Amino acid sequence: MLENLYLGIDIGGTLIKVAIVNSKGVIFEESVISTDVNAKPADILKSIINIAKKFKDYSKIKSIGVGIAGDVCFGTGVVRFSPNLKKWKNVKVRDILTSLTQKKVYVDNDANTASIGAFWLDAKGKSTDLVCITLGTGVGGGLIFDKKLYRGISGTAGEVGHITIDAYGKKCNCGNRGCIETFVGAKHLSKFVQDYLKDNNSKMIDKLTNKNYKLITPRLLTQAAKKGDKVSKEIWKIVGQKLGIFLSIIINFANPDTVVLCGGISHAKEYFMKYVVKEIQTRAFKSATKACKIIVSEATHNLGVVGAAMLSRQ
Ligand SMILES: [Zn+2]
């Protein structure tokens, strides 16, 4: 029997991933290239398809899916704007790829594709209601309700990173104050640590940064915690508490069977997860908490490309 295969393309600010995926989200063949931010989008898309056409199963693919950060219109397949790719303004990605391949093409933003990826790779396609939260430079998210991605009326559903958890908190890029992103987004977190160190001394962080606190990143903080640094562990506790407050809102709002955490800072799970769980147990509805599995993705790097490939199955 011929198996259905799908092509996924994940366009990031530094790397582009291309992969052929089967109907269960398993990657058959893949290729990674670095992103030339100065190249014309149409040229980049052409070179991606040239790579894909060299895959041995290319002729068997049923459809093509693309995930990219930014403002993407799923209905028309147009990338209106992408924050890390300045040349990608009003690019008709779907039309360009359709004319290059004569295949059905779907285009969506990277938070949505990551959520579909989490549905297939972390929940193995078995979840019904899933919320995926991407913890990176920003905090993104996607909602899968009744096994389908929920986009909302104008396509911005799942922007959970801008849920307010402190009405008087710091200003966020979105214009609001005190969004969860202003606490756990990588840039904000690094800034928070710089301030925290004014009153709390950490020899380990001093050593790892040579006292240049601008070098502090979530990764460095995890490294310091792994070496037993108390200050770093305390900071991860604060992060865990904030995330727990945030996830209590998500759990009460969506009543999901699964919440998947992915992205860079999810690698520090052993330092923050127990505080997340504690806050949820204190704050969220008991029955909703009991019904919800919280998992840290085991496949963070492949969620985007697999989710893109699976867009046609939504
Ligand atoms: Zn915000």
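The values are calculated or read from the model by the stated rules, or taken from the named source; none is laboratory data. Please read these numbers as outputs of a predicted model, since none were measured by experiment. We place every Cβ from the backbone using ideal geometry, glycine too, and count neighbours over all the protein chains shown.
Restricting the search to segment 272-305, which residues are under 21 Å from the mean Cα position of the chain (by Cα) and hydroxyl-bearing (S, T, Y)?
Once the filter is applied, which keeps residues that are under 21 Å from the mean Cα position of the chain (by Cα) and hydroxyl-bearing (S, T, Y), segment 272-305 yields S297, T300.
Of these, V239, V306, V231, V277, which one is part of a helix (DSSP H, G or I) and not assigned by TED's automatic domain parsing to the domain that holds V193?
Numbers: V239 fails: not assigned by TED's automatic domain parsing to the domain that holds V193; V231 fails: not assigned by TED's automatic domain parsing to the domain that holds V193; V277 fails: not assigned by TED's automatic domain parsing to the domain that holds V193.
Being part of a helix (DSSP H, G or I) and not assigned by TED's automatic domain parsing to the domain that holds V193 holds for just one of V239, V306, V231, V277, which is V306.
Check whether at least one residue in segment 53-65 is under 18 Å from L303 (Cβ atoms) and either crowded, with 16+ Cβ neighbours inside 10 Å or aromatic (F, W, Y) (or both), and report yes or no.
At the first step, the residues of segment 53-65 found to be under 18 Å from L303 (Cβ atoms) are 64-65.
From what is left, the residues that are either crowded, with 16+ Cβ neighbours inside 10 Å or aromatic (F, W, Y) (or both) are 64-65.
Yes: segment 53-65 contains one or more residues that are under 18 Å from L303 (Cβ atoms) and either crowded, with 16+ Cβ neighbours inside 10 Å or aromatic (F, W, Y) (or both).
Please count how many residues of segment 108-132 are in a strand (DSSP E or B) and in contact (Cβ under 8 Å) with a residue 60 or more places away in the chain.
Of the residues in that region, 4 qualify.
So, S23, is that one over 19 Å from S99 (Cα atoms), surrounded by 14 or more Cβ atoms within 10 Å (Cβ to Cβ), of a type in the set (S, T, Y) and in contact (Cβ under 8 Å) with a residue 60 or more places away in the chain or not? Talk me through it step by step, then tell me what you get.
Working: over 19 Å from S99 (Cα atoms): yes; surrounded by 14 or more Cβ atoms within 10 Å (Cβ to Cβ): yes; of a type in the set (S, T, Y): yes; in contact (Cβ under 8 Å) with a residue 60 or more places away in the chain: yes.
Spelling it out, S23 is indeed over 19 Å from S99 (Cα atoms), surrounded by 14 or more Cβ atoms within 10 Å (Cβ to Cβ), of a type in the set (S, T, Y) and in contact (Cβ under 8 Å) with a residue 60 or more places away in the chain.
Return the residues of segment 286-300 that are exposed (fewer than 14 other Cβ atoms within 10 Å of the Cβ) and assigned to a loop (DSSP other than H, G, I, E, B); say none if nothing qualifies.
Result: E298, single match.
So, in segment 160-176, of the ones that are under 23 Å from G240 (Cβ atoms) and touching a residue at least 24 places away in the same chain (Cβ under 8 Å), which residue ends up nearest to the ligand (Cβ to nearest atom)? Steps first, please.
First, the residues of segment 160-176 that are under 23 Å from G240 (Cβ atoms): 160-170, 172, 176.
Now restrict to residues that are touching a residue at least 24 places away in the same chain (Cβ under 8 Å): 160-161, 163, 165.
Working: V160: 10, G161: 6, I163: 8, I165: 11 Å.
Among those residues, the one meeting the criterion is G161.
Could you tell me whether segment 205-218 includes any residue that is within 22 Å of I133 (Cβ to Cβ) and either within 16 Å of the ligand (Cβ to nearest atom) or within 24 Å of the chain's Cα centre (by Cα) (or both)? Give the derivation first.
Taking segment 205-218 as the starting set, the residues that turn out to be within 22 Å of I133 (Cβ to Cβ) are 217-218.
Those left that are additionally either within 16 Å of the ligand (Cβ to nearest atom) or within 24 Å of the chain's Cα centre (by Cα) (or both): 217-218.
The answer is yes, given that some residue of segment 205-218 is within 22 Å of I133 (Cβ to Cβ) and either within 16 Å of the ligand (Cβ to nearest atom) or within 24 Å of the chain's Cα centre (by Cα) (or both).
Taking D110 as the residue in question, decide whether it is among the acidic types (D, E), crowded, with 24+ Cβ neighbours inside 10 Å and touching a strand residue (DSSP E or B) at 6+ places or on another chain (Cβ under 7 Å).
Details: among the acidic types (D, E): yes; crowded, with 24+ Cβ neighbours inside 10 Å: yes; touching a strand residue (DSSP E or B) at 6+ places or on another chain (Cβ under 7 Å): yes.
Judged against the criteria, D110 is a match.
Is it fair to say S63 is over 21 Å from G264 (Cβ atoms) and at pLDDT 95 or above?
Values: over 21 Å from G264 (Cβ atoms): yes; at pLDDT 95 or above: yes.
Criteria met by S63.
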